[in-house]
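The block underneath contains the structure these notes are about, expressed in structure tokens.
The values are calculated or read from the model by the stated rules, or taken from the named source; none is laboratory data. Because the structure is a prediction, the values reported are computed rather than measured. We place every Cβ from the backbone using ideal geometry, glycine too, and count neighbours over all the protein chains shown.
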Amino acid sequence: MKLREKLFYIIFALPACLFLSFPSILLAQTFAISEIEIVGNQRIETDTIKSFISLPEGQNFEANEINAAYQRVLKSGLFESVEFEENDGLLRVIVVEYPTINRIYFEGNVRVEDAALEKVLKSKEKYVLDAQTVEQDRKNIAETYAVMGRLAARVNPKVIRKPENRVDLIFEIFEGGVIEIEKIGIVGNRAFSDRRLRRVLSTKQAGLFRTFVRSDTFVEERIEFDKKVLTDFYTSRGFVDFRVNSVNAELTEERDGYFLVFNITEGQQFAVGDVAVETSLKELNVDEYSEILKVKKGSTYSAKIVELDVERIERLALRNGVDFIRVKPEVTKDSSSLSVNVNYVMDRGPRVILERINIAGNTATLDKVIRRQFRAAEGDPFSARRIRQATDRIRSLGFFETVDVSARQGKAKDSVIVDVSVKEKPTGSVSLGGSYSTSSGFGLLLEYAERNFLGRGQDFRLKYNSGVGSRTYSLGFIEPEFLSPGLSLGFSSKFTETEKENSNYDTTILDVSPQVSFPISDYSNISVSIGYNETELRDPVNVGNIIQNEVNMGQEERAYSKVAYTYNTLRDGLDPNFGMLFRVSQEVSGFTGDGESSKTSALARLQRKILNEEVLLKGTLEGGVLNYGDSRVTDRFFLGSALMRGFEPGGIGPREIVGEGEVINDALGGNTFAVLRLEAEFSLGLPEEYGVDGGIFFDVGNLWSLDKINENVIYEDGSWRSVLGASLFWKTPIGPLRFNFSRPLQKETFDREQNFDLTIRTQF
């Protein structure tokens, strides 16, 4: 009888009563082991196995000791099976080792390359085959396909035996089809339409281009993200009681798609009621802190604005030299008046010091790039709010797949250590793109970009752009935090060559400009730059006297300095339905601005969403004044389709008309221009999956004034033109298409119209 069987009989098969009545029988069962023999091992050393057994030869052992030795060998995880045999003092240990993996193969995978699948495997070649690890690998491969929307994918692991206790591990894969989201429904919404809410979601319905779009596949993690996005959308618009009750996903009858339904409760929209600042600290002036609040009585309530106000109060306290201030917003709802009262309570918080910031996981990114996002040095007062803000800033860098920030107590009770763990992702890219417009034809774009240059958080770009009759080479560099947070240092250079592009002459332009910019408020900044410019006009063909004289001037070299101010709330303003952009710049000749030439440009844009955010209204006023004394055509303003629709580039403004037969018609540009653009964008009521929206626009503008004129120059004193038109916007996988159909209402005889305009731009 094998020893294992004997042990089973002794320990388990005897009746309980016999065990209780005669325990001496078990205790008396002993084995005299004079020799231990190991059989079956190939890779594992005999001494190693004996070390697991741990029974000295030439001694007597009880049954429980033998069983314990057996368990030790089995639990080592080195063997498929283990057997103990005892015969006349010889303990024979028979083992069967786990095989080693010779090769790993994938069969049936077309959508995912072998290299991508290998990254999710725990099993490795030359390592021992483990059934649990193989099962986990199967699940990981299936999950890879599930993320792609191929929930029906099946994975079957297969083992092929090889000589010398080796095996080939094969994963047979049936990829299955993509399970798309056929329809997204929303239940419980009254304030906003399904169409408006679906624009918010990252998950999309399958549409005309379902073959190319992957956001229409069912991914559970994406659904969770969309629940948060919907919540943020509603709460930023005053719906403080909003909640997502459930998200139901139902397979179609054909089991090739999902019906996705978001069940929500909107609640009522609340406005801001009473706003106050309160404190018991004598060194704080309540009025001073009340003045900086952005929350105003009667405005739509938003938790985001309250959070921003808390930040403003804390920053002002620090500037005033008051540390460890804690601001707690007390928010109370008044359901009868649908208002929210906000009371900012300022108090002295616990005196906690930031002892240290530990950073781990970054291999390419320098520590200082992460550390500077905290806006605090080790030894400064600790603020949980500032740590959350730093976490958001680190994530917004775009350098990392994951960012985990946690705080723990330091060496002292009043100190905190912050641990930062990141997982990096690629930040460099090589892009190939294309564009087309009716004005400039087809264009090609090649770009190399690195958003984390040398791990320093710097942005570096090298770009080549070509079109019909033009080539542009550009180099750009930005240090986002130069010397202090918010102060950025940039450098740009651009070299452009044109060959008869909308003209009868060629141009060569070189522009080099370093620049610094810094914020002066939450939404505004100032930039200061100096630059060097070289311009040359050459190879004229059948041009008028003015252009010919400017060609004869040869190469022009000019140094300049420029100051620009920008105020922008279009993307991140306090009101999600309203935004404005104001930008003004002043350029003067000379590095110190002591020249006589100047160029002033300004733009003001307002936009608002109306009719429950179904319609977007835009109004833009733009203008410029050039005072160069002896300007050239390359210096002056032109009204292309980007500034005023309905006309060709150089289609309006001062012109030199020479001749009667073959007329020379040179667009000269102007020293002064003004344009007003009014437009509305809205849905056309087509199925959303088509990705088609519409718009209407009205443009009115003028371009006038020249330094030099002759008897052949017309329109120098200016003439207003106006255009009425309609737009069609089409979102396609290759990029957004825009069709403009226009008709001039006011024009001049020699203007060149452009009643249809098509633009598209894409990048791969």
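Taking the stated definitions as given, is residue 677 in contact (Cβ under 8 Å) with a residue 60 or more places away in the chain and either assigned to a strand (DSSP E or B) or in the same structural domain as residue 711 (by TED's automatic domain parsing) (or both)? It is false that residue 677 is in contact (Cβ under 8 Å) with a residue 60 or more places away in the chain and either assigned to a strand (DSSP E or B) or in the same structural domain as residue 711 (by TED's automatic domain parsing) (or both). Taken over the range 238-282, the criterion of being within 28 Å of residue 196 (Cα to Cα) and among the aliphatic types (A, V, I, L, M) is satisfied by 240, 244, 247, 249, 251, 260, 261, 264, 271, 272. Within the range 600-612, is even one residue assigned to a loop (DSSP other than H, G, I, E, B) and in contact with a strand residue (DSSP E or B) (Cβ under 6 Å, 6 or more places away or on another chain)? Looking through the range 600-612, none of the residues is assigned to a loop (DSSP other than H, G, I, E, B) and in contact with a strand residue (DSSP E or B) (Cβ under 6 Å, 6 or more places away or on another chain).
The residues on offer are 624, 629, 579, and the sole one that is of a type outside the set (S, T, N, Q) and part of a loop (DSSP other than H, G, I, E, B) is 629. Screening 695, 701, 685 for residues that are farther than 17 Å from residue 642 by Cβ and either assigned to a strand (DSSP E or B) or at pLDDT below 95 (or both) leaves exactly one candidate, 685. Only one of the numbered conditions (1) surrounded by fewer than 17 Cβ atoms within 10 Å (Cβ to Cβ); (2) among the basic types (Lys, Arg); (3) modelled with pLDDT of 90 or more is violated by residue 500, and that is (3).
Rundown of residues vs (1) in contact with a Ser or Thr (Cβ under 9 Å, 6 or more places away or on another chain); (2) hydrophobic (A, V, I, L, M, F, W, C); (3) closer than 20 Å to residue 128 by Cα, yes/no style:
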{"residue": "56", "(1), (2), (3)": "no, no, no"}
{"residue": "73", "(1), (2), (3)": "no, yes, yes"}
{"residue": "77", "(1), (2), (3)": "no, no, yes"}
{"residue": "87", "(1), (2), (3)": "no, no, no"}
{"residue": "95", "(1), (2), (3)": "yes, yes, yes"}
{"residue": "101", "(1), (2), (3)": "yes, yes, yes"}
{"residue": "105", "(1), (2), (3)": "no, no, yes"}
{"residue": "108", "(1), (2), (3)": "no, no, no"}
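Restricting attention to the range 154-175, the residues being out of contact with any strand residue (DSSP E or B) (no Cβ under 7 Å at 6 or more places or on another chain) and in contact (Cβ under 8 Å) with a residue 12 or more places away in the chain number 2. Looking at this structure, is residue 264 within 28 Å of residue 228 (Cα to Cα), crowded, with 18+ Cβ neighbours inside 10 Å, out of contact with any strand residue (DSSP E or B) (no Cβ under 8 Å at 6 or more places or on another chain) and in contact (Cβ under 8 Å) with a residue 60 or more places away in the chain? The answer is no for residue 264. Contact map, the range 487-500: residues that are assigned by TED's automatic domain parsing to the domain that holds residue 532 and among the acidic types (Asp, Glu) paired with residues that are part of a strand (DSSP E or B) and crowded, with 17+ Cβ neighbours inside 10 Å, Cβ distance under 6 Å, separation 6+ or inter-chain. Pairs shown: 499/506.
Within the range 704-734, the only residue that satisfies the criterion of being among the aromatic types (Phe, Trp, Tyr), part of a strand (DSSP E or B) and more than 30 Å from residue 194 (Cβ to Cβ) is 704. Here residue 226 passes the criteria (1) surrounded by fewer than 18 Cβ atoms within 10 Å (Cβ to Cβ); (2) of a type in the set (D, E, K, R); (3) modelled with pLDDT of 90 or more except the one numbered (1). Where strands (runs of 3 or more DSSP E) sit wholly within the range 358-471, those with at least 3 residues that are under 30 Å from residue 492 (Cα atoms) occupy 428-437, 441-453, 458-467. Looking only at the range 267-298, residues that are within 24 Å of residue 240 (Cβ to Cβ) and either among the β-branched types (Val, Ile, Thr) or free of Cβ contacts under 8 Å to residues at least 40 places away in the same chain (or both) come to 10 in all.
Condition test on residue 43, is it among the charged types (D, E, K, R) and at pLDDT below 90? Yes: the conditions hold for residue 43.
If the condition is being of a type in the set (D, E, K, R) and modelled with pLDDT of 90 or more, then the range 396-409 contributes 404, 408.
For first residues located in the range 631-658 and under 20 Å from residue 758 (Cβ atoms), partners that are assigned to a loop (DSSP other than H, G, I, E, B) and of a type in the set (A, V, I, L, M) and lie 6+ apart or on another chain with Cβ distances below 6 Å form the pairs 639/652. Residue selection: residue 354 satisfies the criterion of being under 19 Å from residue 387 (Cα atoms) and either in contact with a helix residue (DSSP H, G or I) (Cβ under 6 Å, 6 or more places away or on another chain) or in a strand (DSSP E or B) (or both).
For the range 643-657, a residue qualifies if it is surrounded by fewer than 19 Cβ atoms within 10 Å (Cβ to Cβ) and over 38 Å from the mean Cα position of the chain (by Cα), and exactly one does: 657.
Counting only residues that are modelled with pLDDT of 90 or more and small (Gly, Ala, Ser), which one in the range 349-373 is surrounded by the most Cβ atoms within 10 Å (Cβ to Cβ)? Here the residue is 361. Selection of strands (runs of 3 or more DSSP E) fully inside the range 226-326 by the criterion of at least 2 residues being of a type in the set (Gly, Ala, Ser) returns 243-251, 271-279. When each of 78, 121, 91, 117 is tested for being under 35 Å from the mean Cα position of the chain (by Cα), touching a residue at least 40 places away in the same chain (Cβ under 8 Å) and surrounded by 14 or more Cβ atoms within 10 Å (Cβ to Cβ), the lone residue that passes is 117.
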